[in-house]
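Visitor: So that we are looking at the same thing, I have put the structure below in structure tokens.
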Amino acid sequence: MPDSSGSNLPGLLSRYQDRILTDWIAAQSDVGVLRADLMREAEIRRQSRSFLTHLIAATKNGLNFDIESDQWQDVRDMLTEVTNYRVDHGFTPTETATFIMALKQPIFECLRDQFKDDPNTLVNEAWSATVLLDKLGLYTNDIYLRGREDIIQRQQQEMLELSTPVVQLWDRIVALPLIGTLDSSRAQIVMENLLEAVVESKAEIVIIDITGVPTVDTLVAQHLLKTAAAAKLMGAECVISGIRPQIAQTIVHLGVELPQVATKADLQSAFAHALKRTGVTFSSR
Amino acid sequence: MRPEQGRPTRGGTDRESDGADAAGEVIPIHTGADVSRVRRVATAAMATIGASKIETTRMVTAASELARNTLEHGGGGEMRIAIVGRMSKRKVEMTFIDQGPGIPDIHRALTDGYSTGGGLGLGLSGAKRLCKEFEIKSAPGEGTIVKVASWTERP
Amino acid sequence: MTHYLEPSRIPIFQIGDCLLLTIQVDLEDRMIMTLKDDLAERIAKSHAKGVLIDISALDVVDSFIGRMLANISAIARILDASTVIVGMRPAVAITLVELGMSLQGVRTALDVDRGMELIRRDTSEEAGRLHEA
Ligand SMILES: Nc1ncnc2c1ncn2[C@@H]1O[C@H](COP(=O)(O)OP(=O)(O)OP(=O)(O)O)[C@@H](O)[C@H]1O
Ligand SMILES: [Mg+2]
């Protein structure tokens, strides 16, 4: 059932509800969030199932990214409950937000299965899912912070690190959607995480999407360049996508050249480029 | 670190341990094998202060570059290594000393691509970028001293 | 003195028309010079089409070793073999970039399998071109 926003995500969520739930719970224990010492598995299961049900209800009339709006009320309440429970049980903000972040991979896998012959739709939907879940993840962080103002600094730092997940889009292709301001120290962390991810996932192409990055200064541009050069030495290729006109101007103005890196306007074209580079062809449907 | 790989034993000075007591050591630099030894001792020292993989690789690579310069341009010399400071403020300090010809124009020697020996001219400038502290003293006929230091940002 | 017992020599294996060498230890300068000579001879003798140098065990690659790797691949190229450096670790890659060494002209791959793939692709492309001509 296609919705008004044209996204297939809501339909996919309800179709694959059981599978997503199972994979999600498994993923939470993989990343160590299922802290047996702090929380019983039955409780995780209950929270996860209930959240997923609310998520499906909130999206059934179309995907609306404004999570402050009315249709998200139940999801917000649920997240508040989940977060407060975790604050009370001594979870860190990272562990708390990972409740949401761990949902990414299961959804991506369903998307991959569903749209394996349609890379454009796949990327669009993967992107929507990323944006949505990042927002919800950040929302848990807000709630967490509201309760404990005194350690804001550290938590924001943790949140920044957390919101740079490396996502496997396809065999040999990973994407790193960057959201928020990149300062030098975060750029450093991003670079190290990314190169580790290249080794782990044996990725040949890494798409760094900077659509969500408001500004790029010389230092950040240089970090991106160094990352690309280092990835190349390891045998992987970097593609930067989502360079907005303003940022392109900055880059040229700063005299930074990007010789090692392919640049693409958006994630879709970067993905298409990556598929071509890795020799993937699609049979016509 | 597994150091022993066909390294010839050359008398007393070779009986160092590569372990935690790497601090406060003097390593003579007269052969290519000594350059390897500098790398091993530097690695052990970075491990002692709990440095990350990247921090260690950066510092050890710088040590390798500087030791090679001591050997090739300075006609041999030594490296002194020590762990200074306490608790989380600890850092690894390495000083490379030779009585060779010295460097007439330090500024130029620190320029990427400048080499008098057919090298790439990246060693000295690269070492400066790789370490958190870098100091050089040199004059023609008076030898060369390069002192570098690094620490860990890990909590 | 027998060659195969000498610990300071890096063994070179042949797989099909590829030569594979794995650098396991901190490289002393002397060893890599010997390696350069050994390898040139082996390529010429075996008519190998590709050389894979696995450096995944290396913690440190300084400008000297970097230059030697570039030299080896240039020599191999003249002998009509392409070289792929495989398995460079993230920390080593970052450090080389910081040093200012981009290893221009040297090809890289994530692991031995991917390196092998790269060489196969090369040789079959070349065969394809010959065929067209
Ligand atoms: N200990 C030293 N004594 C005398 N001269 C030195 C010393 N260290 C460096 N130099 C001078 O500084 C120049 C630059 O050093 P640098 O290490 O950057 O390059 P290089 O050793 O020539 O080449 P590379 O290190 O890239 O192989 C050298 O060519 C040499 O002239
Ligand atoms: Mg040098």
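The values are calculated or read from the model by the stated rules, or taken from the named source; none is laboratory data. What you see is a predicted model; the values in this text were computed from it and never measured. Methodologically, a virtual Cβ is constructed for each residue, glycine included, from the backbone with ideal geometry; neighbour enumeration extends over all protein chains shown. Areas reflect the complete protein model, heavy atoms only, side chains present, ligands, DNA and RNA absent. Shrake-Rupley method; radii C 1.70, N 1.55, O 1.52, S 1.80 Å.
Visitor: Could you say whether any residue in segment A:209-226 is open to solvent by 10 Å² or more (accessible area, probe 1.4 Å), on the phi > 0 side of the Ramachandran plot, within 12 Å of chain C (Cβ to nearest Cβ) and touching a helix residue (DSSP H, G or I) at 6+ places or on another chain (Cβ under 9 Å)?
Guide: Checked segment A:209-226: no residue is open to solvent by 10 Å² or more (accessible area, probe 1.4 Å), on the phi > 0 side of the Ramachandran plot, within 12 Å of chain C (Cβ to nearest Cβ) and touching a helix residue (DSSP H, G or I) at 6+ places or on another chain (Cβ under 9 Å).
Visitor: Spot the failing condition for A:Thr96; the list is (1) among the β-branched types (Val, Ile, Thr); (2) under 30 Å from A:Ile173 (Cα atoms); (3) open to solvent by less than 30 Å² (accessible area, probe 1.4 Å); (4) touching a residue at least 60 places away in the same chain (Cβ under 8 Å), and only one is missed.
Guide: The number of the failed condition is (4).
Visitor: Among what's in segment B:128-151 and is under 19 Å from B:Ile83 (Cβ atoms) and either buried (at least 19 other Cβ atoms within 10 Å of the Cβ) or of a type in the set (Gly, Ala, Ser) (or both), pick the residue that is farthest from ligand 1 (Cβ to nearest atom).
Guide: Going through the qualifying residues, I end up with B:Trp151.
Visitor: May I ask you to list the residues in segment B:66-100 that are in a helix (DSSP H, G or I) and more than 16 Å from ligand 2 (Cβ to nearest atom)?
Guide: Passing the criteria: B:Met87, B:Ser88, B:Lys89.
Visitor: C:Ala91 is checked against (1) within 11 Å of chain A (Cβ to nearest Cβ); (2) more than 25 Å from B:Ser115 (Cα to Cα); (3) touching a strand residue (DSSP E or B) at 6+ places or on another chain (Cβ under 7 Å) and fails just one. What number does that condition carry?
Guide: Evaluating C:Ala91 over (1) within 11 Å of chain A (Cβ to nearest Cβ); (2) more than 25 Å from B:Ser115 (Cα to Cα); (3) touching a strand residue (DSSP E or B) at 6+ places or on another chain (Cβ under 7 Å) leaves (3) as the failure.
Visitor: Right, something else. Could you please let me know if B:Thr43 is under 14 Å from B:Glu133 (Cα atoms), within 13 Å of the chain's Cα centre (by Cα) and surrounded by fewer than 24 Cβ atoms within 10 Å (Cβ to Cβ)?
Guide: no
Visitor: Of (1) away from ligand 2 (no atom under 16 Å from the Cβ); (2) of a type in the set (Ser, Thr, Tyr); (3) more than 14 Å from chain C (Cβ to nearest Cβ), B:Thr43 satisfies all except one. Which?
Guide: Failed condition: (3).
Visitor: Follow-up. State which residue pairs qualify: first residue closer than 18 Å to C:Asp29 by Cα and inside segment C:47-70, second residue among the acidic types (Asp, Glu) and assigned to a helix (DSSP H, G or I) in any location, beta carbons under 7 Å apart, and separation of 6 or more residues or different chains.
Guide: Qualifying pairs under 7 Å: C:Asp62/B:Glu65; C:Ser63/B:Glu65; C:Phe64/C:Asp29.
Visitor: Where residues in segment B:101-111 are β-branched (Val, Ile, Thr) and assigned to a loop (DSSP other than H, G, I, E, B), which of them is farthest from B:Ser150 (Cα to Cα)?
Guide: B:Ile103
Visitor: Before we move on, is B:Gly100 at negative phi, touching a residue at least 12 places away in the same chain (Cβ under 8 Å), near ligand 1 (Cβ under 7 Å from one of its atoms) and in contact with a helix residue (DSSP H, G or I) (Cβ under 7 Å, 6 or more places away or on another chain)?
Guide: Considered against the rule, which asks whether it is at negative phi, touching a residue at least 12 places away in the same chain (Cβ under 8 Å), near ligand 1 (Cβ under 7 Å from one of its atoms) and in contact with a helix residue (DSSP H, G or I) (Cβ under 7 Å, 6 or more places away or on another chain), B:Gly100 comes out as no.
Visitor: Condition first: more than 9 Å from chain C (Cβ to nearest Cβ) and open to solvent by 10 Å² or more (accessible area, probe 1.4 Å). Now tell me which residues in segment B:48-70 satisfy that.
Guide: Answer for segment B:48-70, where residues must be more than 9 Å from chain C (Cβ to nearest Cβ) and open to solvent by 10 Å² or more (accessible area, probe 1.4 Å): B:Thr48, B:Ile49, B:Gly50, B:Ala51, B:Asn69.
Visitor: OK, next. Only one of (1) assigned to a loop (DSSP other than H, G, I, E, B); (2) of a type in the set (Phe, Trp, Tyr); (3) surrounded by 19 or more Cβ atoms within 10 Å (Cβ to Cβ) fails for B:Tyr114. Which number is that?
Guide: Failing condition for B:Tyr114: (3).
Visitor: Further question on the same structure: Of (1) open to solvent by less than 10 Å² (accessible area, probe 1.4 Å); (2) within 10 Å of chain C (Cβ to nearest Cβ), B:Val92 satisfies all except one. Which?
Guide: Status for B:Val92: all satisfied but (2).
Visitor: Determine the pairs where a residue that is more than 10 Å from every other protein chain (Cβ to nearest Cβ), located within segment B:110-138, has a partner that is in a strand (DSSP E or B) and near ligand 1 (Cβ under 6 Å from one of its atoms) with Cβ atoms under 6 Å apart, the partner being 6 or more residues away or on another chain.
Guide: B:Ser138/B:Thr144
Visitor: Oh, and also: I'd like the full set of residues that are more than 23 Å from C:Leu110 (Cα to Cα) and surrounded by fewer than 16 Cβ atoms within 10 Å (Cβ to Cβ), limited to segment A:180-208.
Guide: Scanning segment A:180-208 gives A:Thr181, A:Asp183, A:Ser184, A:Ser185.
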